[in-house]
Amino acid sequence: MTNHWNDLQHTDCALIMGANPAENHPISFRWLTKAKENGGKIISVDPRYTRTSAVSDIYAPLRSGTDIAFMGGMIKYAIDNNLFHKDYVVNYTNASFIVADGFDFNDGLFSGYDEATRTYDNTKWTIATNEDGTPKKDPSLQNPKSVFQLMKKHYSRYDVDTVSGVTGTPKKDLLKVYEAFCATSKVGKAGTILYAMGTTQHTVGSQNVRAFAIIQMLLGNIGLPGGGINAMRGESNVQGSTDFGLLWDNLTGYLGAPKATVPEHATLATYLAKETPPTGFWSNKPKFVVSLLKAWYGKNATKDNEFGYHFLPKGNKNYSHINLFKAMYNNELDGAFLWGTNPVVGGPNAGKEKEALGNLKWMVAVDLWETETSAFWRKEAGSDPSKINTEVFLLPASASFEKEGSISNSSRWMQYRWKAIDSRGEARPDLDIIHELALKLKKLYANSPKSADQPFLALDWNYGNGEAPDLDAIAKEINGYDLKTGKLMTGFGALLDDGTTSSGNWIYSGFYPEEGKNLSKRRDNKDTGNANFLNWSFAWPANRRILYNRASADPSGKPWSKEKAVIWWDAAAKSWVGNDVPDFKAILSPSEPGGTGAFMMNKDGVGLLFAPTMKDGPFPEHYEPFESPAKNAFSSVELNPAVVINDGDFNKKGYKVDYPIVATTYRVEAHWQSGSMTRNQEWLSEIARYMFVEISEELAKEKGINNKDKIIVESARGKIKAYAMVTKRYKPFTVNGKKVHQVGMPWNFGFKGYATGDSANRLTPHIGDANTMIPEYKAFLCDIRRAD
Ligand SMILES: Nc1nc2c(c(=O)[nH]1)N[C@H]1C(S)=C(S)[C@@H](COP(=O)(O)OP(=O)(O)OC[C@H]3O[C@@H](n4cnc5c(=O)[nH]c(N)nc54)[C@H](O)[C@@H]3O)O[C@H]1N2
Ligand SMILES: Nc1nc2c(c(=O)[nH]1)N[C@H]1C(S)=C(S)[C@@H](COP(=O)(O)OP(=O)(O)OC[C@H]3O[C@@H](n4cnc5c(=O)[nH]c(N)nc54)[C@H](O)[C@@H]3O)O[C@H]1N2
Ligand SMILES: [Mo]
């Protein structure tokens, strides 16, 4: 989130698109209800009429997988009707920048495309520069090669008729949404966009979010209370886990992992030279990388050995979830730890993922319970145990309330939690398990001469020798030290790249500024202004609550409006003041060079309407999902040209002749995820007892299906049985003049527990987004029929 949960109360309009927070993030509605009481509007854009839609002022249905068309239409509407915040756009975004020769867009393809590798050469998408390296600009925004004019041209194709034909959204609903949301371009108003998995789980997932970014920058909504782009994170600590390097291509703190395939990554010096931009906040990257290496390898990280850079694995493969399972399926892995995950229910194309597990020699599952995954080899899972040689170990883990530690929520707040009760039986906290494993392996490999074992031996595992690691030592290592004085770091601003400082995660540096003062334990609920609660927990980075808050003030440092003031320049005091930590080099006055750089993480201090950093183009463009019932109305390119395609047995593709119905998957409020934690609870199982599929009354009639009938849902990858729930929540779409049906189903079911049922993921495809590889769980093709 750029903003935070409590801040939602300040919004004048919340566009909820690709999310159903009334069921999946219910606390959000505590604040959205307040916003409504203050006159704010709520919009819900979803293929299905959800409980969120039911409490919204405007509901617009759209066919799954068409959000870019929907948002592209909004970008055009804002520009055509002059509903954008021009001063904000000129000063705080790259709208005025001139794009260099080489950029082009033609029939669905940007310049620089290589069909053989399905990749783009993004050096074709650059900004023209003056001799001193600064970007060429036209603040009048009239130059046809300016970002603004190129963007205007790109989205001129997204007229309401074409958009309505693609999305299936009635024109009047499109216009209602555009009008209500673009009204927040007015100074003094702020709109927020709330999104989750309906947005990201697509082959164009990242570009869906980019489309949100473009509209929010045009409307001048970023950096303001009640504004921003707010990703509602899923599992309670998923924010924390991505912050800490869970993503396959990131080191801790969003530092890109070195790759064997990039020649410059061969040494630390050349890696840093290649990956560090000359200007903008990321020019500090070497300080963060070297401090991270010092935290991990301690005394074993020296100037002479490039601070242990060579201990880092340099992969040459894409190790995302889909590709790991592909490797397993192709017999390329011996063993796996499945730590708190249940892919036999939650993984894409789960039937194949279950088969893949059978190719492992061993598997360790660390979980609260036996799940469909650790029991994948059983007959009840549909397997033949006599043919499976995988040795499965199940290590019982303690639940969240049986252990101590912090979690980071969507607001980026790191909140400490204390243990409530002791674990039962042999269950132990995950950290204890990791700690014991590390100590034992260190002993086992102690005298190993193998170079492959050296990184592990070099790790500075200084958390004590007891059964449990010293949590406080870990917390302090994350915060970091001044290694010359032994004192804790007070923030990332003081980190250095010469090996004299350490920090296990630069974005959290400063949460533990002195001995005994862990700020994530703070629970002072006094409002410090604007509901920012600066003394409650710690928000990364630097305890800042609203990111990009420099943009809440005009270039001279005066708030655009009194109602939406966050920080401002106090000329008499010669400093920035307000009710949040400035997201800015707070030593700069507005008139100094760089004094208006509201997006300081970026090279030129501006927000990117044109983003050459993406793998699939600098502007979001609509493509159809991997499986689609329609031809792309915008170009002759059907699928996002930059996605990696898996085919053959691992990912069979279905076509509309056999599978004419669009399907999507989602959650029900009574179950949590793959259901391991809820389908064995009597009460929750009673609320949502059986696997079901929601179908419209019109489709039910066409297929002769009645409510509660048993039906079969089939895709190119598998088939499942479920109960039909005939509902008004779905209506057929009119797509390019033809009727298209959509159905939807929960993915929370499996064969264990009380509430059992077939897993929706037997149907979903093994294909991911071009930038992140998140699977396309939200749009695929199927057919349905009565089971008898
Ligand atoms: N009760 C409960 N709460 C949960 C969870 C749970 O399992 N149970 N899981 C947690 C986790 S990990 C996560 S990630 C979040 C997920 O939170 P959400 O993203 O809200 O969850 P979903 O229900 O998967 O999907 C949201 C909506 O996206 C819609 N949708 C489908 N396709 C499209 C599309 O193409 N465009 C648009 N605009 N909408 C589409 C679906 O109809 C659905 O209503 O929830 C968290 N909260
Ligand atoms: N079709 C479809 N599939 C989806 C999605 C979708 O929208 N549609 N959503 C996707 C999303 S957003 C997500 S996040 C994934 C989730 O996929 P998974 O993470 O595989 O699913 P969970 O059910 O959350 O699995 C968590 C497991 O951790 C265990 N557990 C709970 N607490 C602890 C603990 O403290 N320690 C340990 N070791 N284990 C613990 C639980 O018992 C459970 O078995 O599913 C994805 N799958
Ligand atoms: Mo999630």
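The values are calculated or read from the model by the stated rules, or taken from the named source; none is laboratory data. Values in this document were obtained by computation on a predicted structure and should not be read as measured data. Reconstructed Cβ throughout: ideal geometry from the backbone, glycine too, with neighbour counts over all protein chains shown. To get the accessible areas, we keep the full protein, side chains included, count just its heavy atoms, and leave off ligands, DNA and RNA. Shrake-Rupley method; radii C 1.70, N 1.55, O 1.52, S 1.80 Å.
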query = Tell me which lysines have Cα within less than 17 Å of Lys653's Cα, excluding those fewer than 8 residues away on the same chain?
reply = Lys326, Lys352, Lys631, Lys719, Lys778
task = Using amide H atoms built 1.01 Å from N in the peptide plane, name the residues 5+ places from Tyr113, or on other chains, whose amide H lies under 5 Å from its own.
result = Asp121
key: Given Lys152/Lys564; Lys189/Lys476; Lys476/Lys562, the pairs whose alpha carbons are separated by over 32 Å   = Lys189/Lys476; Lys476/Lys562
ask   = Relative to the present Cα-Cα distance, how much length would full extension add between Thr772 and Glu391 at 0.36 nm per residue of separation?
value = 134.0 nm
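Calculate for the chain the 222 nm mean residue ellipticity that helices alone would give, adding -39,500 (n - 2.57) per DSSP H run of length 4 or more and normalising by residue count, nearest 500 deg cm²/dmol. Mind dumping the intermediate values first?
Numbers: 21 runs with 177 residues, N = 788.
Calculated mean residue ellipticity at 222 nm is -6000 deg cm²/dmol.
Calculate how many DSSP beta bridges within the chain are antiparallel, expressed in % of all such bridges and rounded to the nearest 5. Spell out each step's value before the answer.
Values: 44 of 84 bridges.
Roughly 50 percent of the beta bridges in the chain run antiparallel, per DSSP.
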remark   = Normalised Cα Rg of segment 713-765, dividing by 2.2 N^0.38 Å with N its residue count, works out at 1.37
task = State, in angstrom, two size descriptors of segment 237-346 derived from its alpha carbons: Rg to one decimal place and Dmax to the nearest whole number.
result = 16.1, 48
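Based on DSSP, what percent of beta bridges with both residues in segment 5-231 are antiparallel, to the nearest 5?
Numbers: 8 of 23 bridges.
DSSP beta bridges in segment 5-231 are roughly 35 percent antiparallel.
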request  = On the protein heavy atoms, probe 1.4 angstrom, tell me the percent of accessible surface of the chain carried by carbon and sulfur.
outcome  = 53 percent
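FRET efficiency for Ile687 and Asn707, Cβ-Cβ distance as r, R0 = 25 Å, nearest 0.05? Intermediate results must be reported in sequence, preceding the final value.
Numbers: r = 18 Å, r/R0 = 0.72.
Once the sixth-power term is evaluated, E becomes 0.90.
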note = Ser140 and Lys442 label points (each 7 Å along its Cα→Cβ direction) are spaced in nm at 6.7 nm
ask   = Separation between the Tyr655 and His310 pseudo-spin-labels, each 7 Å from Cα along Cα→Cβ, expressed in nm?
value = 5.4 nm
query = What's the extension gain from Lys558 to Lys186 if we count 0.36 nm per residue and subtract their Cα-Cα distance?
reply = 132.3 nm
ask   = Between Lys172 and Asp334, 0.36 nm times their residue separation minus their Cα-Cα distance comes to what?
value = 52.7 nm
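Cα convex hull of the chain: mean projected area in nm², to one decimal? Please report the intermediate quantities before stating the final value.
Working: hull surface 135.3 nm².
Hull-based average projected area comes out at 33.8 nm².
May I ask for the net charge around Ala211, where only other residues with Cβ less than 11 Å from the Cβ of Ala211 are counted and Lys, Arg are +1 while Asp, Glu are -1? Display every interim value, and only then the final one.
Details: positive: Arg210; negative: Asp67, Glu621.
Residues near Ala211 contribute -1 overall.
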request  = Counting only heavy atoms of the protein chains, get the accessible area per residue of the chain (1.4 Å probe) and round it to a whole Å² value.
outcome  = 42 Å²
Cα→Cβ-extended label distance, 7 Å offset, between Thr117 and Lys259, nm = 0.8 nm
remark   = Amide H contacts under 5 Å for Ala553, restricted to residues at least 5 apart in sequence or on another chain and with H modeled in the peptide plane, are Trp560
